[in-house]
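Take a look at the structure below.
The values are calculated or read from the model by the stated rules, or taken from the named source; none is laboratory data. Given the structure is predicted, the values throughout are model-derived calculations rather than measurements. Because the Cβ atoms are built from the backbone with ideal geometry, glycine has one as well, and the counts that use them run over all protein chains shown. Note: areas computed on protein heavy atoms with side chains; ligands, DNA, RNA excluded. Shrake-Rupley method; radii C 1.70, N 1.55, O 1.52, S 1.80 Å.
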Amino acid sequence: MIQRIQSLYLLLLIICCTSGLFFLPPLELPELTLSSEVLSDCYLFFSIIMSALALFIFKYRKVQLLINGIQLFVQMLVFVGFILVRMNVNTIAAFSPWLLMPILAIVFLLMSSRAIRKDEALVRSIDRLR
């Protein structure tokens, strides 16, 4: 499982999101009525759970691609939401590390999806030779 490169990318994403739970400063958004700390923790837990799920179903590459696609869509929405909120909020210092988290997730997910597609093409080409 870990010897495949897409598993390594997903593991790196899990490590980044887990470290974000402990080391990122609390996200303070006065516009939200809900606690933004709860929302940020839910976002990181969602990323961890989806990445771990994609990591552990390595035998089902099509489902792995589907999970990566869903997570990529959510990461894009979060990134756009952070950009829109950042335009309205003047505090840059506490917000910049949070802006980096979806960017890292998008990069790791794109690299993982590319490796999964390459692996799927290799398996299909080997099946044609039999």
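With θ set to phi - 60° and the Karplus curve 6.51 cos²θ - 1.76 cosθ + 1.60, what are the ³J(HN,Hα) couplings of the range 76-88 in order, to the nearest whole Hz, using x for Gly and Pro? Going residue by residue, I get 5, 4, 5, 4, 5, x, 5, 5, 5, 5, 5, 5, 8 Hz, with x marking Gly and Pro. Accessible surface for F58 stands near 60 Å², nearest 10, in the context of the full protein assembly shown (1.4 Å probe). Evaluated at q = 0.15, 0.16, 0.23 Å⁻¹, the base-10 log of the normalised Debye intensity for the range 45-92, with identical point scatterers placed on the Cα atoms, takes the values -0.49, -0.53, -0.78.
Highest mean packing comes first when the peptides 64-71, 8-15 are listed by Cβ atoms within 10 Å, giving 8-15, 64-71.
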